[in-house]
Amino acid sequence: ELVILDLARGDYFGVNEVGARLWEGLIAGKTPREIAAEIQKDYAVTTEALLADLVKLTDEFIARSLVRVASP
């Protein structure tokens, strides 16, 4: 698990192991699709289902201003 602390707002956001792997992948510059491909082999879930969950969580990170979309 991982707890992300937003010092500017005084908020925290907790995620499970998959969320932590997503966070680490995003910080490393990977896309949710790349991260899903890496994580999928460890879980009994389709890549499409996992990707949908990762995109949803990424959108939540963006909405909370925890990550920003980089310009190409």
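The values are calculated or read from the model by the stated rules, or taken from the named source; none is laboratory data. All values reported here derive from a predicted model rather than from experimental measurement. Side chains included, ligands, DNA and RNA excluded: accessible areas come from the protein's heavy atoms. Shrake-Rupley method; radii C 1.70, N 1.55, O 1.52, S 1.80 Å.
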*Keeping all protein chains in place, calculate the accessible area per residue for the chain (probe 1.4 angstrom), answer in Å².*
71 Å²
*Return the inverse of the average 1/r over all pairs of distinct C-alpha atoms in the chain, which is the Kirkwood hydrodynamic radius, in Å to one decimal.*
12.6 Å
*Under-5 Å amide H pairs with Thr31, H placed in peptide plane, nonlocal only*: none
*asked:* So, taking all protein chains as they sit and a 1.4 Å probe, how much accessible area belongs to Ile27, in Å² rounded to tens?
replied: 110 Å²
*How many percent of the accessible area of the chain is carbon or sulfur, using a 1.4 Å probe?*
53 percent
